[in-house]
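What follows is a set of notes on a single structure, which appears directly below.
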Amino acid sequence: MKKIILLIIGVIICISCNQKKQHTNELLDSMQIARDSLTNELENIYTQGLTNGFGVAIVNEKGTLYSNGFGWADKANHIAYTENTIQHIASISKTLIGLALMKAHELGKLNLDDPIEKYLLFDVSNPNHPNEKITLQQLATHTSTIVDTKHYMENAWIITPDQDLSKVYENYPYQRLNPSTSEIPMENFLKEILTVEGKYYDKENGFLKHKPGEKFEYSNIGATLTALIIEKSTGISFNEFTKKYILQPLKMDSSGWSLEEVDISKHSRLYYDLNIPLPFYTAITYPDGMLIASSNNMAKYLTELIKGYTGNGTLLNKKNYEQLFTQYLSEENFDKRNKQNPYNDEYNTGIFMGFSAKGYIGHTGGDAGVVSFMFFDKETKTGRYLIRNTNSDDEKGPDQFYDIWKKLGEYTTKLNQ
């Protein structure tokens, strides 16, 4: 009798295992069908001819669900844009400043309520309120009152040396691309903009009339100043600090902050329009927008952010991730804000982490030849990433970008099973 019972149990176990295996195979097959379908739909959007190339990724807390590239990384030389193509990600880079700031806090190197003067060798204060201390938290939540003036837009970006500039567009109208001979150290540039003695100091326009902490004002210079303070407090360059505590732990092996740190053969050209490339460029204020990464690598990063939000992150402890994702501002901190756009990352802010009114967390980015989105849904714990290598200045360009973004959202549900 015992043998019969054992035989029956064995048969039941085998049937159960086969059923689970069959279900798993069916699930994998359906996901592959969904991936193939998404690829076809994105290729159809690409054929509209409004961008040279773009990269995408869909993730959940467990990892990458989809990662791909479309079009050309280098149109003239017929080099395809793939999931491993790299380009700088613009202001999404600021989220790494936030992570690095909280890591420095976790290591006991600084506190968010510290006045920034504790770490700087030069004075930064709002001339309208000279006795009010600016804190690290105010820098990280864009309430420091520091304003990006024309001097930032005209002097921060540098064309990298040893390029043939005869067939590229140099006079980008929104960000002046300067010759490599004009490059100076990041700390020196900040001193020139933020201190009374600096040649780019603008007493009238460089600071809000409000007291520090009162009003939200998105500030690239404030973000870069935060990166400098991370350097001063840790004794490690921002570049090396983020490599050690973010890029290397996440195995973001193709990522870096300069062309010298990455495989240039995998770098996309950036384009002024469909036919005119831009020169390769960097920025003196590189922490605010110059991380170079692939869609594949950014998928790893976005997965980690979702893990951090749910209490399972690996880069910070749970307490510091909670601070990173705390919404620090309220209605009174804004003169106006868009409550309808689901991807307005300036509705509220964590530590350089944007919150939209519709429950999405992440950041947007835009530079010469770059448009980028990275958000995750705090309810479904899924995220999307999209970057393109061509300006979207014409009226149809943004529509195509959102068509791609919405298509990624449509298939996120199908892939998150």
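The values are calculated or read from the model by the stated rules, or taken from the named source; none is laboratory data. Just so it is clear, the structure is predicted and the values come from calculations on it, not from any experiment. All Cβ positions, even for glycine, are placed from backbone atoms using ideal geometry, and neighbour counts span all protein chains on display.
Listing for the model above:
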{"item": "Test: residue in region 318-332 that is aliphatic (A, V, I, L, M), at pLDDT 95 or above and farther than 20 Å from Tyr245 by Cα", "result": "yes"}
{"item": "Residues satisfying the stated conditions in region 167-219, i.e. among the aromatic types (Phe, Trp, Tyr) and without any contact (Cβ under 8 Å) to a residue 24 or more places away in the chain", "result": "Tyr201"}
{"item": "Subset of region 376-408 (residues that are more than 18 Å from the chain's Cα centre (by Cα) and under 20 Å from Ala357 (Cα atoms))", "result": "Glu379, Thr380, Lys406"}
{"item": "Test for Pro161: is it closer than 20 Å to Gly369 by Cα, touching a Ser or Thr at 6+ places or on another chain (Cβ under 6 Å) and surrounded by fewer than 19 Cβ atoms within 10 Å (Cβ to Cβ)", "result": "yes"}
{"item": "Selection from region 325-366 of residues that are of a type in the set (Ser, Thr, Tyr) and under 13 Å from Ser91 (Cβ atoms)", "result": "Thr349, Thr364"}
{"item": "Matching residues in region 306-318 - criterion: being touching a residue at least 60 places away in the same chain (Cβ under 8 Å) and over 16 Å from Ala140 (Cβ atoms)", "result": "Ile306, Lys307, Tyr309, Thr310, Asn312, Thr314, Leu315, Asn317"}
{"item": "Subset of region 374-417 (residues that are closer than 25 Å to Pro279 by Cβ and of a type in the set (A, V, I, L, M, F, W, C))", "result": "Leu386, Ile387, Phe401"}
{"item": "Selected residue (only one of Leu228, Leu250 is in contact (Cβ under 8 Å) with a residue 12 or more places away in the chain, hydrophobic (A, V, I, L, M, F, W, C), surrounded by 16 or more Cβ atoms within 10 Å (Cβ to Cβ) and assigned to a helix (DSSP H, G or I))", "result": "Leu228"}
